[in-house]
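Here's the structure we're looking at; comments come further down.
The values are calculated or read from the model by the stated rules, or taken from the named source; none is laboratory data. Please read these numbers as outputs of a predicted model, since none were measured by experiment. Because the Cβ atoms are built from the backbone with ideal geometry, glycine has one as well, and the counts that use them run over all protein chains shown. Quick note on the areas: whole protein, heavy atoms, side chains included, nothing else; ligands and nucleic acids left out. Shrake-Rupley method; radii C 1.70, N 1.55, O 1.52, S 1.80 Å.
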Amino acid sequence: MIPIYKSDVVIVGAGLAGLAAARELSRAGKNVTVLTKLHPLRSHSGAAQGGINAALADDDDVELHMFDTVKGSDYLADQDAVELMCSRAPETIRWIERMGAVFSRREDGRIAQRPFGGQSKPRACFAKDRTGLTLLQTIYEQCVREDILMLDEWYVSDILYENGKAYGVVAFNIRDLSFAIFNAKAVMFATGGYARAFKINSNAHANTGDGLSIFARKGLPLEDMEFVQFHPTGLAGSGILMSEAARGEGGRLINGLGERFMEKYAPEKMELAPRDVVSRAIMKEIIEGRGAKEDPFAVYLDLTHLGEKKIQERLPELRDLALTFLGRDMVKEPILISATAHYSMGGIPVDTNGHVKKSTDELTEGLYAAGECACVSVHGANRLGANSLLEALFFGRWVGNKIAEDLKDITFKDAKTSDAEMAIREVDFLLKNNGDERTSKIREELQELMTTKVGVFRDEKNLLAAKEKIKELRNRYKNIKLDDKSKSYNTDLQEAIELGHMLDYALFITAGAVERKESRGAHYREDYPKRDDENFLKHTFGYLENDDIKIEYAPVKITKFEPQERKY
């Protein structure tokens, strides 16, 4: 018999957004269960290094933060959502600080702020180069203090969703493969990003986009999936993140000819242009043969002029990472970097209160999302650096409070043990199937395909080829075979389930990119190099139908800033 556990709210994911929501719901007297496939402190929020934006300085203001965010998004962000987030950013910083977050300080005792790409003012509050980890530890401590039920190593494989209403999730315990139903009035997903579909990426192994695919399989849409941000500075070869803090502190990008090449691409902002601009510049230098002498697929990031004292004070983790994974000491020599798949601007469409949309103009009941898995959309076509931690922390808290308010109007729908049948069938199929395809082989082919054909530079021919190849891989997935048939910590099984999700959402990314015949933010089409506001100033909504993606569009909310040409 499958147990059915009941609570007011089930939250899937224990990064910043999930834990912030859980804390607020608990403080409101609601019974909350948090499910996560990792220990909360291993959530990917902890990998964010550089900072979290808030207009705190005397010469900064909220409207400037809003403008930088909208301009950085290439005018695809919904400006009502941007205004909500930016206007609440200072309060959000004070909220987490009062709970114990230890930020780096200026000499006068105020919170230190560093410059980030595309920003008019130094706006990123930071804790050395471990900002995400500091915030995650702080909010986790608060959840422990609230005695919130956090179940780690539970894998959520399905949602209970019927006639537009969510009423729980199905999950299995990774330790022994035992299934359970978590029945609730409200369900919130905060499952993070999905850059693991790319070969070179900065994401944790857990970032396999499970939440998005689970929604898509229920017929729910995904929004703006074609917009995947490539961070300019991932370590050469591995893609491990070298935070934008490195350039914020004065890092210089140098090509194999010894040229500080950003002079050609963004003469005013130089290395502190937005990420999409810098990533394309780096890749252009590499493609045109001006890569580093030691590695033609990389360029140099030079920090040697900062000196050991400043690097140890501001960038100690980056130095350790470069030493460990590249064998280079940034104090003594430039390190080798290249663009790496990093952040997901698209995701589960939600309104500004976190309600999940079931179409361009209809909401679901009892179903919420926040953080990187959601598309609210504050990032549009390209996220401004240091806005991701802000989005996760602010909207996690905000949506948690909105759920607490909504609960009085949501009726509890009882779950049945038969609601777990689909999830159980998926696991049974994978354990019993006896085909000749391997998880690792299909995953490698997918990641190589996404990096080479759906990467920084795109065109019609490669995108169409990629779309057909993904369909082929999805068919081959049906012929998969696992070596491990056991029920104890079966990582073979978990990786196969995650691969199924990766194949699903990769089809959304590619289909959206095929149809968007323009260049905007992180989506750059070599065959359509200009932004086309007349035809594509709109959000993409994709639906999984008959092994393909049906596309429709929704308008962008413009309130204060009319689109104009981006110059840096």
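Comparing Cα centroids, segment 469-492 and segment 1-44 end up 29 angstrom apart. For the residue pairs 199/487; 37/441; 128/487; 284/309, the alpha carbons lie more than 31 Å apart in 128/487; 284/309. With contacts taken as Cα pairs under 8 Å and at least 6 residues apart, the chain reaches a relative contact order of 22 percent.
Against the criterion of solvent-accessible heavy-atom surface with a 1.4 angstrom probe, 317, 268, 24 sort, most first, into 268, 317, 24.
Each principal axis of the Cα atoms in segment 440-504 has its own extent, and those three values, largest first, are 45, 21, 16 angstrom.
What translational diffusion coefficient, to the nearest whole µm²/s, does segment 80-194 have by Stokes-Einstein, given a Kirkwood radius computed over alpha-carbon pairs, a temperature of 37 °C and 0.692 mPa s viscosity? Stokes-Einstein gives a translational diffusion coefficient of 185 µm²/s. Each Cα pair under 8 Å and six or more residues apart adds its sequence gap; the mean of these over the residue count of segment 279-430 is a relative contact order of 15 percent. Centroid-to-centroid, using Cα positions, segment 252-286 and segment 532-559 are 31 Å apart.
Beta-bridge orientation, segment 420-568: approximately 85 percent antiparallel, per DSSP, counting only bridges with both partners inside.
Accessible surface calculations at 1.4 Å, restricted to protein heavy atoms, place the chain at 37 Å² per residue.
The figure for residue 32 is an accessible area of roughly 10 square angstrom, using a 1.4 Å probe on the protein chains alone.
Kirkwood radius, segment 231-340, all distinct C-alpha pairs, inverse of mean reciprocal distance: 13.5 Å.
Electrostatic tally near residue 132: other residues with Cβ closer than 13 Å to its Cβ, Lys and Arg +1, Asp and Glu -1, net -2. Placing 538, 567 in order of accessible area, with the largest value first and a 1.4 Å probe, yields 567, 538. Excluding same-chain neighbours fewer than eight residues apart, the lysines reachable from residue 121 by a Cα-Cα span under 18 Å are 71, 269, 567. Here residue 489 sits with roughly 110 square angstrom of accessible surface, probe radius 1.4 Å. Peptides 339-345, 76-82, 280-286 ranked from most to least packed give 339-345, 76-82, 280-286, packing being the mean of other C-beta atoms within 10 angstrom over each peptide's residues.
Summing charges over all other residues whose Cβ lies under 11 Å from the Cβ of residue 121, with Lys and Arg as +1 and Asp and Glu as -1, gives -3. Taking only protein heavy atoms and a 1.4 Å probe, the accessible area of segment 419-529 is 48% carbon and sulfur. Of the Cα atoms belonging to segment 1-118, the radius of gyration and Dmax stand at 17.7, 62 Å. Could you work out what % of the accessible surface of segment 4-128 is carbon and sulfur, using a 1.4 angstrom probe and leaving DNA, RNA and ligands out of the count? The nonpolar share, carbon plus sulfur, comes to 44 percent. For segment 296-403, the mean projected area of the C-alpha convex hull, equal to one quarter of the hull surface, is 9.4 nm².
Accessible area ranking (1.4 Å probe, heavy atoms, ligands and nucleic acids excluded), largest first, for 301, 272: 272, 301. Scaled against the 2.2 N^0.38 Å expected of a compact globular protein of N residues, the Cα radius of gyration of segment 419-529 reads 1.25. If I compute Cα extents along the principal axes in Å from the structure I just sent, which labelled value in [x] 96, 72, 50; [y] 66, 54, 48; [z] 79, 54, 48 lines up? Computed from the coordinates, Cα extents along the principal axes in Å corresponds to [y]. Taking every DSSP helix (H) stretch of at least 4 residues in the chain, weighting each as -39,500 (n - 2.57) and dividing the sum by the residue count yields a mean residue ellipticity at 222 nm of -10500 deg cm²/dmol. Length gained on full extension, residue 448 to residue 530, computed as 0.36 nm times the residue gap minus the Cα-Cα distance: 26.8 nm.
Place a point 7 Å from Cα of residue 436 in the direction of its Cβ. Which residues in segment 455-495 have their backbone N less than 16 Å from it? Counting only backbone N, you get 476-482.
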